[in-house]
Amino acid sequence: MEQQIINGIAEAVKELYGIELPTSRITLQPTKKEFDGALTFVTFSLTKQLGKNPVQIGEEIGAYLKENNAAVSDFNVVKGFLNLVISNTVWVETLAEISKDTAYGRVARNGEKVMVEYSSPNTNKPLHLGHLRNNFLGHSVSLILDAAGYDVQKVNLVNDRGIHICKSMLAYTKFGKGETPSETLKGDKLVGNYYVAFDKHYKVEVKNLIEEKKSDYPSLANVEDLKALKAEIEAKGASKKNKIPLTDDEKVQIKDIKALFEYAEKNAPLLVEAQEMLRKWEAGDEETVSLWKKMNDWVYAGFAQSYEMMGVEFDNIYYESQTYLLGKDIVKEGLDKGIFFKKENDSVWIDLKKEKLDEKLVLRGDGTAVYMTQDMGTADLKYKDFGMTKSVYVVGNEQDYHFKVLQAIMKHMGRSYADGIFHLSYGMVELPEGKMKSREGTVVDADDLIQEMIDTAQERTEESGKIDGFTTDEATVLFKQLALGALKYYLLKVDPKKTMLFNPKDSIDFQGDTGVYIQYNHAKIQALLRRADKDGITYSAESFAGLTDITAAEADLVALLGKLNDKISESADAYAPSIVANYAFDVAKQYSKVYSESPIFNEEDAKKKAFRIALSKQSADAIRIALQLIGVQAPSRM
């Protein structure tokens with residue numbers, strides 16, 4: 001339809017003004033809601049070429065289209081904006097075309113490969129609310145890219161090594177008493193409990209060391225609360241406008257406090273033991289490696305249950321224990337090519353000042369790897385395994401700088417995939433209660449949150465009486481569908497870059513901008529279609545052919561349904577599931593308006609009835625496809 005109108009505008013310009021206007025120069029945009037019409041052509045660009053004012057051009061082209069183009073039934077001009085009213089016949093034909101389109105909701109394959117890395121958990125704690133946003137983003141982006149024509153590989157890079165893993169291991173050896181996972185305690189939660197236990201005992205040791213060594217600092221001898229004093233002194237210089245100079249005694253005190261705290265934090269016995277355990281692991285000590293494998297296996301079994309509950313999966317899993325030494329060959333290559341340079345302590349760096357990224361360490365002076373070393377090597381490994389042109393990293397926004405540097409380095413190294421590196425940066429998720437801290441055990445466990453959502457879905461659904469006639473098993477399935485639908489939609493409907501506040505109670509509502517509202521509209525349409533089938537009503541394209549009398553709301557809905565594939569492509573290009581998520585809500589909301597304004601089964605005109613049922617079915621298809629692309633199931637009954 002849009003192409004028909006674009007061709008019509010080119011024809012009008014040629015007939016009216018004798019000028020060949022390339023169709024590539026003609027663009028249409030949606031008409032603003034306050035004006036009649038569906039599509040708008042902006043005439044300002046033609047004023048200089050035609051020597052006429054934009055309103056006159058709009059009036060002349062509009063009149064020509066109304067007379068000569070079957071798609072245009074009327075028009076209006078607002079300044080330089082030609083608003084075109086599309087004929088009802090075109091909307092009816094458009095619905096017929098959409099209903100027959102076997103590729104609806106899927107764009108043609110483009111032959112490009114893209115890898116999406118998401119989840120990336122640590123094996124010292126269970127998945128939490130932040131992981132939910134990460135997993136849902138990564139999984140949804142993967143589904144959308146696939147629908148947009150890409151060959152997609154979904155991968156997970158598990159952080160299964162390092163000092164944080166050893167902290168859990170050490171705490172387990174000291175306080176575990178042989179505890180193992182059980183039906184009531186998943187392995188990832190068991191290990192996470194010991195990570196919290198480590199931090200609890202470590203803080204006691206730090207406090208004791210501070211008290212023990214405080215006498216070594218005369219400036220602190222009579223201070224009872226060092227933290228309070230530190231905060232008081234630092235507050236003096238916090239405001240640039242009201243800055244209060246520190247006394248000499250205060251300068252000594254703040255220096256001594258920092259030195260004392262640093263000493264205690266570095267020399268607490270538990271941390272020293274954890275660092276020794278890490279050295280043993282890296283040296284391949286049999287007992288240490290055996291414990292590491294056992295506890296990681298517990299965690300993986302727990303993760304598997306969580307991933308199944310979330311409805312996400314991966315095509316390949318990488319482990320940092322197998323990749324952390326990768327990248328050293330790239331460092332050597334970079335040194336040989338003069339891309340990297342060494343400093344006096346033998347550490348290796350790259351100068352990225354031209355990119356405004358300063359200098360970046362890529363290998364320590366003692367030859368040990370840093371995260372950048374590993375990520376360079378893993379990037380090469382991933383390309384070797386899959387040969388992708390695009391590589392999407394779903395990682396929180398605290399790593400924005402890291403991924404800018406990674407891409408810059410791989411460009412300098414001449415890697416063909418470097419331009420395709422994309423950091424899907426997302427903001428943190430906070431709860432009304434505030435931020436979460438893993439070490440202190442104040443994170444919101446993903447499993448617990450999902451179960452809370454399921455319980456809330458059950459409570460709200462039973463209160464509304466929307467499960468009458470459901471068996472217990474059917475109701476259980478529905479509660480989970482609603483809970484995950486509410487959770488995923490709430491986390492995905494906003495731009496990923498935004499830090500967001502998540503309120504579980506608000507997300508499960510049968511009204512408003514929620515996943516449950518969209519699911520309910522889908523189920524309502526399915527009930528309608530079951531009745532139509534039971535009554536033997538035919539609603540194929542042929543059954544409403546020739547219809548000319550439809551409402552404006554129905555026309556708007558057809559226009560919206562015709563945008564699904566464009567929305568998928570737009571969402572894929574922007575790596576933004578929010579585009580598809582909001583599209584699903586827009587369809588549900590517009591369908592609800594049509595449903596309330598236009599009766600179906602009481603309609604006496606057979607063609608209108610068939611059209612409205614066909615429109616209902618297509619709306620359900622669009623909602624179902626859009627929801628599937630954000631990992632949400634569309635119930636057929638509610």
On full extension of the chain, what length is gained from Asn68 through Phe341, given 0.36 nm per residue of separation minus the C-alpha to C-alpha distance? 91.3 nm
In Hz, Karplus ³J(HN,Hα) per residue of the range 19-31 (6.51, -1.76, 1.60; θ = phi - 60°; x = Gly, Pro): 10, 7, 9, x, 4, 5, 8, 9, 10, 10, 9, x, 6
Two pseudo-spin positions, 7 Å from Cα along C-beta at Ala103 and at Asp535, lie apart in nanometres by 3.6
For semi-axes √(5λ) of the Cα gyration tensor in Å, several values are listed as (1) 70, 26, 23; (2) 56, 33, 25; (3) 63, 32, 23; flag the one computed from this structure. (2)
Between Val272 and Leu185, the two model label points (7 Å from Cα along the beta-carbon direction) sit apart by a distance in nm of 3.0
Could you work out how far helix 286-310 tilts from the main Cα principal axis of the chain, as a 0 to 90 degree angle to the nearest 10? 20
Straight-line reach from Lys125: which aspartates and glutamates fall under 18 Å, measuring Cα to Cα and dropping same-chain residues less than 8 apart? Asp160, Glu179, Glu183, Asp188, Asp199, Asp297, Glu308, Glu320, Glu440, Asp445, Asp447, Asp448
Compute the long axis of helix 54-68 from its Cα atoms, compare it with the longest principal axis of the Cα atoms of the chain, and write down the angle in degrees, 0 to 90, nearest 10. 60
Calculate the dipole size of the chain relative to its Cα centre from +1 charges on Lys and Arg beta carbons and -1 charges on Asp and Glu beta carbons; express the result in debye to the nearest 20. 1040
Given Cα positions, please report Rg to Rh for the range 1-84, the hydrodynamic radius being the Kirkwood one. 0.91
Apply the Karplus parameterisation 6.51 cos²θ - 1.76 cosθ + 1.60, with θ equal to phi minus 60°, to every residue of the range 528-542 and state each ³J(HN,Hα) to the nearest whole Hz, in sequence, with x for glycine and proline. 4, 5, 4, 5, 4, 5, 5, 7, x, 7, 8, 9, 6, 4, 5
Could you please rank Arg279, Arg624, placing first whichever residue has the fewest other Cβ atoms within 10 Å of its Cβ? Arg279, Arg624
Return a whole-number percent for the relative contact order of the chain, with Cα pairs under 8 Å and 6 or more residues apart as the contact set. 15
Pick out, from Leu270, Phe303, Ile409, the residue whose Cα sits farthest towards the positive end of the charge dipole of the chain, with +1 on the Cβ of Lys and Arg and -1 on the Cβ of Asp and Glu. Ile409
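Using R₀ = 22 Å, calculate the FRET efficiency as 1/(1 + (r/R₀)^6) where r is the Cβ-Cβ separation of Tyr401 and Thr499; round to 0.05.
FRET efficiency, Tyr401 to Thr499: 0.80.
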Determine the relative contact order of the range 527-638: mean sequence separation of Cα pairs under 8 Å and six or more apart, normalised by residue count, in whole percent. 39
Using alpha carbon centers only, the range 168-236 is separated from the range 613-637 by a whole-angstrom value of 51
Could you rank the peptides 293-300, 122-129, 49-56, 336-343 by their average count of other C-beta atoms within 10 Å per residue, with the highest value first? 122-129, 293-300, 49-56, 336-343
Starting with the fewest neighbours, write out Ser540, Ser87, Ser140, Ser306 ranked by other beta-carbon atoms found within 10 Å of each beta-carbon. Ser540, Ser87, Ser306, Ser140
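Quote the relative contact order of the range 187-278 in percent (integer), defining contacts as alpha-carbon pairs under 8 Å separated by 6+ residues.
Taking the mean separation of contacting Cα pairs over the length of the range 187-278, I get 39 percent.
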For an R0 of 60 angstrom, estimate the FRET efficiency from the Cβ-Cβ distance between Asp285 and Ala527 and round to the nearest 0.05. 0.40
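Going by the alpha-carbon gyration tensor, a ≥ b ≥ c the square roots of its eigenvalues, is the range 330-456 rounded (a/c under 1.5) or, if a/c is not under 1.5, prolate (a/b greater than b/c) versus oblate?
prolate
In the structure shown, do any of Lys167/Lys266; Lys493/Lys593; Lys32/Lys589; Lys466/Lys488; Lys230/Lys356; Lys294/Lys480 have a Cα-Cα gap over 24 Å, and if so which?
Lys230/Lys356; Lys294/Lys480
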Nearest 500 deg cm²/dmol is fine: what mean residue ellipticity at 222 nm does the chain get from its DSSP H runs of n ≥ 4 alone, each adding -39,500 (n - 2.57), divided by its residue count? -18000 deg cm²/dmol
Taking R0 as 51 Å, what FRET efficiency do you get between Lys203 and Thr551 from their Cβ-Cβ distance, rounded to the nearest 0.05? 0.15
State the Cα centre-to-centre distance between the range 550-584 and the range 297-351 in whole Å. 38
Between 0 and 90°, nearest 10: helix 248-267 axis offset from the chain longest Cα axis: 90
Bridge orientation stat for the chain from DSSP, antiparallel percent rounded to 5, came to 50
Taking the alpha-carbon distance from Lys353 and a cut-off under 20 Å, which lysines remain once sequence neighbours fewer than 8 residues away in the same chain are dropped? Lys337, Lys342, Lys343, Lys404, Lys411
Run the quick spin-label model on Ser636 and Gln29: label points 7 Å from Cα toward the beta carbon, then report their separation in nm to one decimal. 4.3
If the only charges are +1 at each Lys and Arg Cβ and -1 at each Asp and Glu Cβ, what is the size of the charge dipole of the range 2-86 around the Cα centre, to the nearest 20 debye? 320
DSSP loop (so not H, G, I, E, B), at most 11 other Cβ within 10 Å: list which trypsin sites (Lys or Arg not before Pro) in the range 83-128 pass both filters. Arg109
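Where a number appears in this text, it was derived from the coordinates with a stated rule and is not lab data. Quick caveat, the model's predicted, so the values are computed rather than measured. All Cβ positions, even for glycine, are placed from backbone atoms using ideal geometry, and neighbour counts span all protein chains on display.
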